[in-house]
Amino acid sequence: MALKLQSREIPLVNFRRILPAFLGPEGEECFIEVDARAGGAINIAYVASGEALILRGQVMDRKMQKITDEAAYVKANHDNVTSIIKGRFGALYDACVIEWRCNILDDGKPIVCDRATFLELTEVRVPEIAAAMTDLETEILEAGKAVAESDEGLLKN
């Protein structure tokens, strides 16, 4: 029998970054906005996703250790790192992102704001988008730390 305990209210993170104009519609401010739950230890779904990702990484590392060809080993290592980074942002999306909006254009058309596109943005080689995605992850995790620190302060009193 599984316990069905009530969960805490997780604070909302409202993230917005202005992106270079060349990425969006002409004459408009290009942006990405994300409404998300705080991450880290206070978000059980995020913790569970992180644990699964760690296990997946360990399995990939174990398989990689069996590779004897140097070039194949280097390629496998690169592929594993790329997979883990994508998995990290997948966990962030699944456990934390409530909704996101942006007006980035792809081949002249607005991108679709869904999970697949969100993960694709983590792989594009545009420094401003990479910085925005990293900043988003940081803000979500910092929000979780702030709640944890607040809880610790309450326990000490």
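Here, each number is a calculation from the coordinates, and none is a lab measurement. Values in this document were obtained by computation on a predicted structure and should not be read as measured data.
Sort largest first and round to whole Å: the equivalent ellipsoid semi-axes of segment 82-156, each the square root of five times a Cα gyration tensor eigenvalue.
Numbers: eigenvalues 172, 32, 26 Å².
Three semi-axes, in Å: 29, 13, 11.
Computed over the chain, the percent of Cα pairs more than 27 Å apart is 38. Listed by chain and number, the aspartates and glutamates placed with their C-alpha closer than 17 angstrom to that of LYS66 are ASP79; residues fewer than eight positions away on the same chain are left out. The gain in end-to-end length when the THR117 to LEU53 segment is fully stretched comes to 21.0 nm, 0.36 nm per residue minus the alpha carbon separation. Listed by chain and number, the lysines whose alpha-carbon sits under 29 Å from that of LYS109, ignoring those within fewer than 8 places in the same chain, are LYS86.
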